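First the structure, in the form of structure tokens, and then the observations on it.
The values are calculated or read from the model by the stated rules, or taken from the named source; none is laboratory data. Fair warning: this is a prediction, and the values are worked out from it, not measured in the lab. Neighbour counts are summed over all protein chains in view; Cβ atoms, including those assigned to glycine, are modelled from backbone coordinates with ideal geometry. What goes into the accessible areas is simple: the full protein's heavy atoms, side chains included, and nothing from ligands, DNA or RNA. Shrake-Rupley method; radii C 1.70, N 1.55, O 1.52, S 1.80 Å.
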Amino acid sequence: MSAGDANAEPERDDDHVMGDAQHSPQRPELTARELAIVELLARGLSNAEIGEQLHLAEATVKAHLGRVMAKWQVRDRLQVVLVFLGHLEPRSAR
């Protein structure tokens, strides 16, 4: 990042944390859109911020997260992130 890029996103080294989280045999597959939303959620963005980044309505983000929660049989956003990062198994795999 150069000194003139005040609005540029700082470089992150999150790939090592999130790399193969989607490919675990214990986690049902997500669509590309669901995965993009979960990745942003894991970076700490709110539903509104995720919607802004992906050019979606906040209600659409909520709907996608609801489908992820149903697929992974978890009850909240925290559990979605924990499953995504590999710190919690989805209920269907317990």
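Below is a table of values for the structure above.
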| read-out | value |
| --- | --- |
| Any pair with Cβ under 6 angstrom, 6 or more apart, that starts in region 60-77 at a residue that is at positive phi and ends at one that is surrounded by 15 or more Cβ atoms within 10 Å (Cβ to Cβ) and not β-branched (V, I, T) | Q73/P90 |
| Residues of region 10-60 that turn out to be modelled with pLDDT under 95, open to solvent by less than 40 Å² (accessible area, probe 1.4 Å) and not in a loop (DSSP other than H, G, I, E, B), as a count | 3 |
| Within region 72-94, tally of residues that are in contact with a Leu (Cβ under 7 Å, 6 or more places away or on another chain) and in a helix (DSSP H, G or I) | 5 |
